[in-house]
Amino acid sequence: MVKCSRRPKTIALFLFFISVSASFAAQPDVVVDGSRDRWHFGQGLFVLEDESQALTIEDVSRAEVAQRFIRSSMDPPTYGFSRSVYWVRFSYLKKDLAPERRWVLAVMNAPLEHVDVYFQRPDGSFDVRVGGSRVPWARREVAHRFHVFQLPEVDAEPVTVYIRVQTSSLMSLPMEILAGDELMRVAASLLIPWWIYVGILASMVLFNTVLYVFLRDRAYLYYVLYIVFFGQFILLRFSGLGYEYFPDGGPWLVRIPQAFAHLGGLFVVLFARSFLHTSRTVPKLDRLLLVMVAVCGLSTMLAAFVPVRVSLIIGNAWALVSGVLLLVVPVVVWRRGFQPARFFLAGWSTLCMAVVLVPLSNQGWLPTSFVTRHLVMIGSAMEMILFALALANRINEAKKQSEAVRRQALEGEIYRLRNIELRQANEEILRKQEQLVQAEKIASMGQLAAGVAHEIKNPLNFVNNFSLSLVEMTDELLQELKSLPADKQAGLVMLASDCGQTAQKIAEHGKRADGIVRSMMEHSAVRPGVRSLVDLNRFIEEHIGLVLQDAKGQRSGFQVSVERVLEPGLPLVEVIPQELGRALLNLLNNALQAVGEQHRKGLNGYVPAVRISTLRRDGRVEIRIQDNGTGIPVAVRERIYEPFFTTRRPGEGLGLGLSLSHGIITKRHAGTLEFDSTENAGTTFVVTLPFNPRVLP
């Protein structure tokens, strides 16, 4: 009875299995009929998640397990990061195909680590093919970065295919059946946007490296390193280029991108700190950024040792925190007046938006297109371009700041020059006021001197006149005394002679006093003359002639050599001829008197000489009057310009010549009067005059 009862159940189960198999065979998911070269069937797949990772091909091919497969609603089917094993089932039928064409099944996701394909034969057995990124290049059925398997040569019946997939990367299952030559074209076309991305990265790296070399700004260095490491992460993680050029690098091609991602995070934080000047603008947030730098450094070292899944968790956690922080920091810095922060904010926001849209695309919530398939690449490229614009804008801001500093410096220089001009104008006013005061003092002294001289001159004239009369009367008295007897004549003659000598002394000193009074009146009589342009060389020649003519009668027993070294072609000089002539006469007379005193010493081989020269120098004209006379003693050099001070013997000078000359040259002609003297060797007086003096009229 037991056997009879079990036999109908067994027969029913067998019939059910046959019916299911027949239904699969009758309705293939894909019919490859040669009408085209490529079949994409993401939504025609049946997927089973094996969380236990224990199911085998025998398990999943049983009829009772077949009910657990669920038709995919996504294209391609994407399930994020999962530890589960995913089984994929579909059936295809090859129909009316050219026998010379080769057809393949391609799983177009290079980072998948384990991809095992089971083609079910008509007898129920399986043709097993092993693939995945961990399979060495030489052991792959088709040497390609994607996981490619040749379709069995079965034409009449549908073929059921099971695919077992396990990976620590993103579980995305883009599958296609296509001709072999079409595979090469599709694979090449898929690389085009990535090569464009590589070109963008290379240009950014080259340009900003050159800027760093010239500017030595660490922001450019951090930006370049960020591009290098984060760009390599994007390329290795999403493009599959690593598997194209390093086909046997499966294990480390899974770990290396994570390390590059952590290094990219490290350098983008350093770039943000340097570019936004956070240590100065937002010191509190800057400390958080330093913590993020330390975390990135630690996670980079751990990426080589911890499981890939752990490294992914750390990276995702860091991305979540740093993503928010690097959105807040530029906003704060921008609000505090640093305009280039807006480009940083735009670039980082673009990348964050792309990262947020990736899971939405993976879940099929966004339509499949070129943009959604390359969200991270596009977001990364736009971010790096905006960062480059931020650096360029920073240069413009630096130029503006430099121009502002230069403008402030120029304004400060203008202000300083204005102050100098005002100070000079004030000094000029004070100088003119001093000249006015001095002129008033001199005028007052001149009036006083003139008054005193006038008052003295009248009684002095009487003294001189009476002294002359007394001399004449003494002469007459001596003539009368000659008629007296000799005994009385001797005493009276002696008395008369003494009176005559006394009268002569009175007359001599009266004449000297009269000369002093006359000089005082001349000194007080200096008045502003008429300015005119003169030929200075001719002017000097005329006054040399006057001095030599006047000195002929005063010199006896020696000749003076007068040398003239006058520079030809001197411009006309604006002077007051009467006053400058008086000063030159005084200086020339002093030179002649000095050589005369030296000649009277009787020195052997001494030849009296005076040298007069003119020279144009720095917009002024220089007059030198040089003699080889007695020189000026050191003890009295500070007083030689004082009125009535003289070093000559009584009766030979009044001490007013140099004082008068100094006033005429310095006050009246805005020039200078200097001297250089050596005792018993000579003296040189140097007069400098401007061509257009700025003096009081």
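Among the numbered conditions (1) modelled with pLDDT of 85 or more; (2) crowded, with 19+ Cβ neighbours inside 10 Å; (3) small (Gly, Ala, Ser), the only one that SER311 does not meet is (1). It is to be established whether one or more residues within segment 258-267 are without any contact (Cβ under 8 Å) to a residue 24 or more places away in the chain and in a helix (DSSP H, G or I). Checking segment 258-267: not a single residue is without any contact (Cβ under 8 Å) to a residue 24 or more places away in the chain and in a helix (DSSP H, G or I). Against the numbered list (1) more than 18 Å from ILE544 (Cα to Cα); (2) out of contact with any Phe, Trp or Tyr (no Cβ under 8 Å at 6 or more places or on another chain); (3) charged (D, E, K, R), ARG611 comes up short only at (1).
Taking the listed residues ILE544, ILE540, the one that is under 30 Å from GLU579 (Cβ atoms), under 60 Å from the mean Cα position of the chain (by Cα) and at pLDDT 70 or above is ILE540, with no other qualifying. Just a yes or no: is a residue in segment 171-179 part of a helix (DSSP H, G or I) and surrounded by fewer than 19 Cβ atoms within 10 Å (Cβ to Cβ)? There is no residue in segment 171-179 that is part of a helix (DSSP H, G or I) and surrounded by fewer than 19 Cβ atoms within 10 Å (Cβ to Cβ). Restricting the search to segment 66-80, which residues are more than 28 Å from ARG185 (Cα to Cα) and exposed (fewer than 15 other Cβ atoms within 10 Å of the Cβ)? If the condition is that a residue be more than 28 Å from ARG185 (Cα to Cα) and exposed (fewer than 15 other Cβ atoms within 10 Å of the Cβ), then GLN67, ARG68, ILE70, ARG71, GLY80 are the ones that fit. Within segment 369-385, can one find any residue that is surrounded by fewer than 18 Cβ atoms within 10 Å (Cβ to Cβ), in contact with a Ser or Thr (Cβ under 8 Å, 6 or more places away or on another chain) and not in a helix (DSSP H, G or I)? Checked segment 369-385: no residue is surrounded by fewer than 18 Cβ atoms within 10 Å (Cβ to Cβ), in contact with a Ser or Thr (Cβ under 8 Å, 6 or more places away or on another chain) and not in a helix (DSSP H, G or I). The condition (being over 21 Å from ARG538 (Cα atoms), modelled with pLDDT of 80 or more and assigned by TED's automatic domain parsing to the domain that holds ILE544) is satisfied by just one residue among VAL610, VAL634: VAL634.
Within segment 600-623, the set of residues being charged (D, E, K, R) and either under 60 Å from the mean Cα position of the chain (by Cα) or not in a loop (DSSP other than H, G, I, E, B) (or both) comprises ARG600, ARG611, ARG616, ARG617, ASP618, ARG620, GLU622.
Restricting segment 42-87 to residues that are within 23 Å of LEU360 (Cβ to Cβ) and among the hydrophobic types (A, V, I, L, M, F, W, C), which is modelled with the lowest pLDDT? Going through the qualifying residues, I end up with PHE81.
Here VAL306, VAL282, VAL310, VAL293 are screened, and the one residue that is under 26 Å from MET382 (Cα atoms) and among the β-branched types (Val, Ile, Thr) is VAL293. Quick one: would you say ARG68 is assigned to a loop (DSSP other than H, G, I, E, B), farther than 18 Å from ARG164 by Cα and free of Cβ contacts under 8 Å to residues at least 60 places away in the same chain? Answer is no for this residue. Residue count for segment 214-227, restricted to those that are surrounded by 18 or more Cβ atoms within 10 Å (Cβ to Cβ) and in a helix (DSSP H, G or I): 9. For segment 298-321, taking the residues that are among the polar types (S, T, N, Q) and touching a helix residue (DSSP H, G or I) at 6+ places or on another chain (Cβ under 7 Å), the one that is farthest from TRP252 (Cα to Cα) is identified as SER299. Looking only at residues of segment 326-345 that are surrounded by 17 or more Cβ atoms within 10 Å (Cβ to Cβ) and aliphatic (A, V, I, L, M), we find that the one that is nearest to ALA259 (Cα to Cα) is LEU326.
Would it be correct to say that SER322 is surrounded by fewer than 19 Cβ atoms within 10 Å (Cβ to Cβ) and either hydroxyl-bearing (Ser, Thr, Tyr) or in a loop (DSSP other than H, G, I, E, B) (or both)? Considered against the rule, which asks whether it is surrounded by fewer than 19 Cβ atoms within 10 Å (Cβ to Cβ) and either hydroxyl-bearing (Ser, Thr, Tyr) or in a loop (DSSP other than H, G, I, E, B) (or both), SER322 comes out as no. Of the set (1) over 21 Å from ARG237 (Cβ atoms); (2) surrounded by fewer than 16 Cβ atoms within 10 Å (Cβ to Cβ), all apply to PHE149 but (2). Scanning segment 404-433 for residues that are at pLDDT 80 or above and charged (D, E, K, R) yields ARG406, ARG407, GLU411, GLU413, ARG416, ARG418, GLU421, ARG423, GLU427. Which one is surrounded by the most Cβ atoms within 10 Å (Cβ to Cβ) among residues in segment 624-643 that are outside any loop (DSSP other than H, G, I, E, B) and in contact with a strand residue (DSSP E or B) (Cβ under 6 Å, 6 or more places away or on another chain)? Per the stated criteria, the residue is ASP627.
Rundown of residues vs (1) more than 19 Å from MET204 (Cβ to Cβ); (2) of a type in the set (Ser, Thr, Tyr); (3) under 22 Å from the mean Cα position of the chain (by Cα), yes/no style:
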position	(1), (2), (3)
LEU327	yes, no, no
ARG342	yes, no, no
SER369	yes, yes, no
ALA398	yes, no, yes
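Within segment 120-149, residues that are over 17 Å from GLY242 (Cβ atoms) sit with their Cβ atoms under 8 Å from residues that are in a loop (DSSP other than H, G, I, E, B) and among the polar types (S, T, N, Q), at 6+ positions apart or across chains, in these pairs: GLN120/SER61; PHE126/SER61. Can you name the residue in segment 322-372 that is among the charged types (D, E, K, R) and in contact with a helix residue (DSSP H, G or I) (Cβ under 8 Å, 6 or more places away or on another chain) and is also farthest from ALA303 (Cα to Cα) among such residues? Checking each candidate, the answer is ARG336.
Within segment 559-589, the residues that satisfy the criterion of being farther than 20 Å from THR684 by Cβ, buried (at least 17 other Cβ atoms within 10 Å of the Cβ) and not acidic (Asp, Glu) are VAL573, VAL575, ILE576, GLY581, ARG582.
Exactly one residue out of GLY250, GLY231, GLY242 is surrounded by 23 or more Cβ atoms within 10 Å (Cβ to Cβ), more than 20 Å from SER322 (Cα to Cα) and modelled with pLDDT under 90: that is GLY242. Determine, yes or no, whether ALA303 is of a type in the set (Gly, Ala, Ser), modelled with pLDDT under 85 and buried (at least 21 other Cβ atoms within 10 Å of the Cβ). For ALA303, the condition - of a type in the set (Gly, Ala, Ser), modelled with pLDDT under 85 and buried (at least 21 other Cβ atoms within 10 Å of the Cβ) - is met.
Could you please tell me which pairs satisfy a Cβ distance under 7 Å, a separation of 6+ or placement on different chains, a first residue in segment 164-178 that is in the same structural domain as VAL104 (by TED's automatic domain parsing) and in contact (Cβ under 8 Å) with a residue 12 or more places away in the chain, and a second residue that is in a strand (DSSP E or B) and among the basic types (Lys, Arg)? Pairs found: GLU176/ARG38; LEU178/ARG38.
The values are calculated or read from the model by the stated rules, or taken from the named source; none is laboratory data. Please read all numbers here as calculations on a predicted model, not as lab measurements. Backbone-built Cβ (ideal geometry, glycine too); neighbour counts: all protein chains shown.
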